[in-house]
Every structure is written in C-alpha cells, then in structure tokens.
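Okay, structure first, notes after.
The values are calculated or read from the model by the stated rules, or taken from the named source; none is laboratory data. The shown structure was predicted, so the numbers you read here are calculated from the model rather than taken from an experiment. Heads up, the Cβs are rebuilt from the backbone with ideal geometry, glycines too, and the neighbour counts pull from every protein chain shown.
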C-alpha cells in the first residue's frame, strides 16, 4: 500500500465529548440538539487540516458525521456513501462501518469515545481502525494519545501499510453506574487498531486503593492553609478525602480548602473560576495501565485551567504498583498547545517520589 491508492472511511460521532458541557460522565443520554457545538467535530476538522490531502480518498457519511467536516477542511477528494438520519444514532455508525467493510477500505478513522468503538464492534468489521480520542469516556485501549499522535499513526499507516495493526481492547462501561460513582468495566470486544510506535492497547486497569494510602497521608500532612485543592477522580486521589473523613465524588473533581470539602463534582466552569483566583493546587493520579495524567476521565480540567494553574501546582499521586507498570505518563490537551515539563515527580509513598517522563 502507498499514498497513491489509500481509501479511508472517515467517521465522526458529532455528540462525542458533549457530556463535559453538562458535567456528565458520558454523552449517551444527551439529545443531538444539545451538542451542536461539538468537540469531536472541531478535532476532526483540525485533523484533516494537517493530514495528507492527496491522493487519499475519503468515504464519509453525509452531514456532521463526515461531509460537512470535509468541506470545512477544504478536502475535495471524498465520496458520500451513507446518509444518516436527521438525528444521528449509533445505528448510523454501525451501518456506515459495515458499508466501509464492504467497500474494502484500507482504514477507518473514527472520532469518538468508548461508545463509538463499541458501535464499531457491533458492526462486526475487520478493517483496521484509527481511534482519535474525542469522547467523555475513553477507558478502552487503542485510542491515540492525542491529535498529533493520531496524525503520526495515520502518516505511518499511509507509508507502510498495516504492519503496525494490532488487537486493541474495547470495554463496556455502565454509564448509569458511572454517574453514581461506580466504575463498572467489562471487556466488550477487540478491534484491529492502528497502533503507535510505543502503543499500550490494554484497557484501563484498576488497583487496590490501599496501595497508595501512605502517599495520601503525606498529602494530608502537608496541606497548606488558604490554598484551594482540586482533588481529582479515582480511588487513589479520594483516599485523601477518606483520611479527612470528607465525602467526595469518585469520578469527579472536588474542592478542598481548610481540610473541608467545599463543593463536590465541580464543572469545567467552576474549575476555571477557581484557577483565575490563584492559590490553587490539583491532585491527580494517572489512569491504570494507560498512564494518562490528563485527558482521560478528567477533561473537566481543560487546557485553559491547566495553563492558569500551572504544572508546578499539580501534585501527582500513585501507588508503587501502578507506576511500576508505566514507562511514561501522557497528556491529551485536545488539540490545544499547552506548555508542559518533559519530566514530572510522582508521589508514591510517604515523602517518596519518582521522576517520570511526560509526553503530550
């Protein structure tokens, strides 16, 4: 295969990532009209603007699932092969993917989250998939690290074909339980994923919360008066609140000040307001075997707030077991340039730190 004859199915879930706007943990229950200002559409447009223009041929659905984005990006070499309903549903994703399989495309590029990948599973396709992270829930393995890394995967695929296509885990997460703070994940299927150079295609792993208690105790003992602390999602971070006998939201951010929780499950707007006031620190823990520090499960902390708060005010906490499985940490800034250090310190015990490389 070479750039002279590659055919790509191009698919955007226009409601993916919209849940963040309403401080939800997913977009499954939102109506189409609630998501007209779509994160996934913006990311897809940025992707096309930087991707090889010719002679790649794109097969797309009509509308915001494909053709409108092609036109916005100035792409002319595309063919509409599927017309979705006025209000797109998962059935449209499934039918389009099946058509791509029938047309024997070389690759399907999709913009979405876990739900979009599950729809591709249900389509029963064997075509390689390049999964660009654009959703609210992204616990499956195989998503590109970020927009730039997705472009790198695409360029490598165009040049050298499917030599780096591997099986990637797709998981099923009960959104109702997730909203209630219960991370109930089960294996769903595997897709043929276009992998990166150092890809980790496993889904998110969970570790026992007691493994990081000593690190949480250190954070509690060093809390400063007059400082707002944003306690991030996950059991590792919430150990801090448990030690203080405070209630928080397992899957959201909570504001802690003076050793008391002021507000739970705060929105992106709340975090922005807090960041602009200064004297804010963030407690984060990387996701299981994926190693994401930012951009997976904590997108309420957006690039604007990250820059306002600064990496020097981010405290990273982890169990030794979790960190021992990771070679580096990753950030996905959703296509926005954010200044970040090449290395960060991670608290893995009481006053015990480990330096890890950070890639974005």
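Among the residues that make up region 181-191, is at least one of them more than 30 Å from residue 315 (Cβ to Cβ), at pLDDT 80 or above, surrounded by fewer than 16 Cβ atoms within 10 Å (Cβ to Cβ) and touching a strand residue (DSSP E or B) at 6+ places or on another chain (Cβ under 8 Å)? Working first, answer last.
Filtering region 181-191 for residues more than 30 Å from residue 315 (Cβ to Cβ) gives 186-191.
Going one step further and asking which of them are at pLDDT 80 or above, we end up with 186-191.
Cutting the leftovers down to surrounded by fewer than 16 Cβ atoms within 10 Å (Cβ to Cβ) gives us 186-187.
Checking which are touching a strand residue (DSSP E or B) at 6+ places or on another chain (Cβ under 8 Å) leaves us with 186-187.
Scanning region 181-191 turns up at least one residue that is more than 30 Å from residue 315 (Cβ to Cβ), at pLDDT 80 or above, surrounded by fewer than 16 Cβ atoms within 10 Å (Cβ to Cβ) and touching a strand residue (DSSP E or B) at 6+ places or on another chain (Cβ under 8 Å).
For region 309-322, give me each residue that is surrounded by fewer than 22 Cβ atoms within 10 Å (Cβ to Cβ), out of contact with any strand residue (DSSP E or B) (no Cβ under 6 Å at 6 or more places or on another chain) and farther than 17 Å from residue 146 by Cβ. Of everything in region 309-322, those that are surrounded by fewer than 22 Cβ atoms within 10 Å (Cβ to Cβ), out of contact with any strand residue (DSSP E or B) (no Cβ under 6 Å at 6 or more places or on another chain) and farther than 17 Å from residue 146 by Cβ turn out to be 310, 312, 321. Kindly establish whether residue 69 is surrounded by 15 or more Cβ atoms within 10 Å (Cβ to Cβ), part of a helix (DSSP H, G or I) and out of contact with any strand residue (DSSP E or B) (no Cβ under 8 Å at 6 or more places or on another chain). So residue 69 does not fit the description; no.
Please state which of the following conditions residue 125 fails to meet, knowing it meets all the rest: (1) surrounded by fewer than 15 Cβ atoms within 10 Å (Cβ to Cβ); (2) outside any strand (DSSP E or B); (3) at pLDDT 90 or above. Among (1) surrounded by fewer than 15 Cβ atoms within 10 Å (Cβ to Cβ); (2) outside any strand (DSSP E or B); (3) at pLDDT 90 or above, the lone unmet condition for residue 125 is (1).
Condition (residue is farther than 27 Å from residue 49 by Cα and either surrounded by fewer than 21 Cβ atoms within 10 Å (Cβ to Cβ) or under 20 Å from the mean Cα position of the chain (by Cα) (or both)) applied to region 299-308: is it met by at least one residue? Checked against the condition, which is being farther than 27 Å from residue 49 by Cα and either surrounded by fewer than 21 Cβ atoms within 10 Å (Cβ to Cβ) or under 20 Å from the mean Cα position of the chain (by Cα) (or both), region 299-308 yields at least one hit. Being over 22 Å from residue 217 (Cα atoms), part of a loop (DSSP other than H, G, I, E, B) and touching a residue at least 60 places away in the same chain (Cβ under 8 Å) is a condition met by at least one residue of region 334-348. Filtering region 237-255 to residues that are surrounded by fewer than 24 Cβ atoms within 10 Å (Cβ to Cβ) and under 20 Å from the mean Cα position of the chain (by Cα) leaves 249, 250, 251, 252. Just to be sure before I move on: is residue 159 modelled with pLDDT under 95 and more than 23 Å from the chain's Cα centre (by Cα) in the structure I sent? For residue 159, the condition - modelled with pLDDT under 95 and more than 23 Å from the chain's Cα centre (by Cα) - is met.
Checked against the criterion of being modelled with pLDDT of 90 or more, closer than 17 Å to residue 220 by Cβ and surrounded by fewer than 21 Cβ atoms within 10 Å (Cβ to Cβ), the candidates 259, 272 yield just one match: 259. I'd like to check something: does region 337-351 contain any residue that is touching a strand residue (DSSP E or B) at 6+ places or on another chain (Cβ under 9 Å), surrounded by fewer than 23 Cβ atoms within 10 Å (Cβ to Cβ) and on the phi > 0 side of the Ramachandran plot? Scanning region 337-351, I find no residue that is touching a strand residue (DSSP E or B) at 6+ places or on another chain (Cβ under 9 Å), surrounded by fewer than 23 Cβ atoms within 10 Å (Cβ to Cβ) and on the phi > 0 side of the Ramachandran plot, so the answer is no. Among the candidates 321, 307, the residue that is assigned to a helix (DSSP H, G or I) and touching a residue at least 60 places away in the same chain (Cβ under 8 Å) is uniquely 321. Residues that are crowded, with 24+ Cβ neighbours inside 10 Å and not in a helix (DSSP H, G or I) within region 83-115 comprise 107, 108, 109, 110, 111, 112, 113, listed in sequence order. For the structure I just gave you, tell me whether residue 130 is assigned to a helix (DSSP H, G or I) and in contact with a strand residue (DSSP E or B) (Cβ under 9 Å, 6 or more places away or on another chain). For residue 130, the condition - assigned to a helix (DSSP H, G or I) and in contact with a strand residue (DSSP E or B) (Cβ under 9 Å, 6 or more places away or on another chain) - is not met. Filtering region 88-106 for residues that are within 21 Å of residue 152 (Cα to Cα), in the same structural domain as residue 164 (by TED's automatic domain parsing) and either over 21 Å from the mean Cα position of the chain (by Cα) or modelled with pLDDT of 95 or more (or both) leaves a non-empty set.
Does residue 118 satisfy the condition of being in a helix (DSSP H, G or I) and either free of Cβ contacts under 8 Å to residues at least 12 places away in the same chain or under 17 Å from the mean Cα position of the chain (by Cα) (or both)? Considered against the rule, which asks whether it is in a helix (DSSP H, G or I) and either free of Cβ contacts under 8 Å to residues at least 12 places away in the same chain or under 17 Å from the mean Cα position of the chain (by Cα) (or both), residue 118 comes out as yes. Filtering region 42-66 to residues that are in contact with a helix residue (DSSP H, G or I) (Cβ under 7 Å, 6 or more places away or on another chain) and assigned to a strand (DSSP E or B) leaves 58, 59, 60, 61.
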